[in-house]
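To keep things clear, I will list the structure first and then write my remarks on it.
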Amino acid sequence: MGNGPIALGVDSSTQSTKVLAVDVETGEVLARGQARHTVSEGAGRETDPEVWWRALGTALAQIGPYAERADAISVGGQQHGLVVLDPVGRPLRPALLWNDVRSAPQADALVERHGAAHWARRFGSVPGTSFTVTKWAWLTEHEPETAKAAAAVRLPHDFLTERLGGAGVTDRGDASGTGWWATDTETYDEALLAEIGLDPALLPRVLGPGEAAGVTLPGLPLREGVLVGAGTGDNAAAALGLGLVPGQPALSLGTSGTVYTPATTRPTDPTGIVAGFAGGHGDWLPLACTLNCTLAVDKIAGLLSLDREAVEAGGSTVLLPFLDGERTPNLPYASGLLTGLRHDTTPGQILQAAYDGAAYALLTALDQVLAVDGTGSDEPLLLIGGGARGTAWRETVRRLSGRAVRIPVAEELVALGAAAQAAGLLTGETPQAVARRWDTTAGPSFDPVPRDDAALDRLATALADAFDVR
Ligand SMILES: Nc1ncnc2c1ncn2[C@@H]1O[C@H](COP(=O)(O)OP(=O)(O)O)[C@@H](O)[C@H]1O
Ligand SMILES: O=C(CO)[C@@H](O)[C@H](O)COP(=O)(O)O
């Protein structure tokens, strides 16, 4: 064990909590821990925030002596989830997660009331079902007593940060995914909060870049008084972990699929495809996100009794894997669709079609994400998330993007970005500078291959025919 300072980075994502203990000087990952979450099935997607808290404890226990030795900690978390707490910080109900589409009617009503153009101009994003504002609106309609009893409203990462350091705070990256934090003034929109019946006093204070959330409370498996970073949403944390600069795109293949690049221009896309998030340390993070990514492809592989790598080229099958409804394109009521079957279609071709269908919306949104700063670039696409470990995912992205792809050797970029934020508090550097010093994007590169326009055309036609999406 080295004697230098140690930063802990946490990724509280949809499926699990991961913790990395990182050597601040070298970026070496000294230890890692992971504990799974349970997510409800059926109509909604919920997790009890106490499950996240217990998972964090379990993952910290797995890093052994490094928890006690750590000098700073930050939490990156799944975005958007609605956490409602009682006066002593206990959850009043399970959190409504980003991939819970029950608030689709509330999203439609909010967008209709103010117009997509207003949402984009003022809040940077047109709120689809993932956004917290739609979940609060759902709660006030379906469980008014719970909404009335709320003494605090938090996002997943804020909830954990508060348990560690005691302060009710968030950061601008995660605040920008609520739909009630206006990106044009960087303040909570009090008129909107009044309209949806949410007292601004219940919301966390939004910290600025480089501000700490406080220090650790007594009674944790960490030393008391250790610095706690502001944390941020998981995508913003991964962008920090990669030390991205504007025009350098990343594609994350996990429970959600996301594509993003930092920008100096504030995004304001009225089509709703590009979410105008703030970055985890200043700047902006235009991003497109799908609800159906690795879990949907794994589900199709399971239905076909195939290994996830058993893909076959060829055929004319199109599979739109909207198993959870979809967010990009905005089709919360959709289900999966399979077309183009022939007598000679093989199971492996159907599986390949699932990969293509899951990657399609992300890759078509990439140009829009890059256009925010006008940095259309041929920088390699950095592939991260669990899916980036798979050959079939990598080859699908190469074939449908026509871009060079690089796979960082570093894993768990969200936790690594959180660790870089925590390390920056100790060294005075920005998290991006820390990540660049740690060389987190190093990894094998794969040259561009000709783009498979025939497959892209088939997908575009199927979407237009079935869902009128053009
Ligand atoms: N070797 C692999 N090849 C392809 N996919 C993988 C591999 N390992 C994990 N995955 C996928 O990664 C997903 C988890 O990704 P991860 O980024 O950890 O999720 P989350 O978005 O919840 O943080 C799983 O759903 C699984 O399908
Ligand atoms: O909703 C979004 C982004 O807007 C998702 O990216 C969530 O932040 C969930 O992330 P993972 O659990 O897939 O990491």
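Rule-based calculations on the coordinates, nothing more; no lab input. Predicted model only: the values in this text are computed from it and were never measured. Backbone-built Cβ (ideal geometry, glycine too); neighbour counts: all protein chains shown.
A few remarks follow.
- In terms of the mean number of neighbouring beta-carbon atoms within 10 Å, the peptides 72-82, 261-271, 437-447 order highest first as 72-82, 261-271, 437-447.
- With N counted as the residues of the chain, its alpha-carbon radius of gyration over 2.2 N^0.38 Å works out to 0.93.
- Phi to ³J(HN,Hα) by Karplus 6.51 cos²θ - 1.76 cosθ + 1.60 over the range 274-282, Hz, x for Gly, Pro: 9, 7, x, 6, 8, x, x, 8, x
- Computed E for L337/E224 - FRET, C-beta separation, R0 45 angstrom, nearest 0.05: 0.25
- Its DSSP H runs of at least 4 residues, each contributing -39,500 (n - 2.57), put the calculated 222 nm mean residue ellipticity of the chain at -10500 deg cm²/dmol, to the nearest 500.
- Whole-Hz Karplus values for the range 242-257 come out as 8, x, 4, 10, x, x, 9, x, 10, 10, 9, 10, x, 3, 9, x Hz, taken residue by residue from phi with 6.51 cos²θ - 1.76 cosθ + 1.60 and θ = phi - 60°; glycine and proline positions read x.
- Distance distribution note for the range 111-180: the fraction of Cα pairs above 18 angstrom is 48%.
- The phi-based Karplus calculation (6.51 cos²θ - 1.76 cosθ + 1.60; θ = phi - 60°) puts the 3J(HN,Hα) values of the range 260-271 at 7, 8, x, 9, 8, 8, 6, x, 8, 8, x, 7 Hz, whole numbers, x for Gly and Pro.
- Each Cα pair under 8 Å and six or more residues apart adds its separation to the average, and for the chain the resulting relative contact order is 17 percent.
- Long-range HN-HN contacts of L331 with modeled amide H, under 5 Å: E326
- When +1 charges are put on Lys and Arg Cβ atoms and -1 charges on Asp and Glu Cβ atoms, the dipole computed for the range 6-235 relative to its Cα centre reaches about 280 debye.
- With only Cα atoms counted, the range 322-436 has Rg and Dmax values of 18.1, 63 Å.
- Relative contact order (percent, whole number), the range 6-235, Cα cutoff 8 Å, 6+ residue spacing: 21
- The magnitude of the dipole of the chain, with charges of +1 and -1 set on the Cβ of Lys/Arg and Asp/Glu and taken from the Cα centre, is near 320 debye.
- Residue (of T58, A358, T140) at the positive-pole extreme of the chain, dipole from beta-carbon charges: T58
- Distance in nm between pseudo-label sites at A151 and R122 (7 Å out along the Cβ direction from Cα): 3.1
- Of the DSSP H helices in the chain, those whose Cα atoms cover at least 18 Å axially and whose Kyte score averages -0.5 or more: 49-62, 347-371, 413-427, 453-467
- Annotation: amide H-H contacts under 5 Å for D171 (H modelled 1.01 Å from N, sequence separation of 5 or more, or interchain): L207.
- The alpha carbons of the range 6-235 stretch over 53, 37, 29 Å along the principal axes, in descending order.
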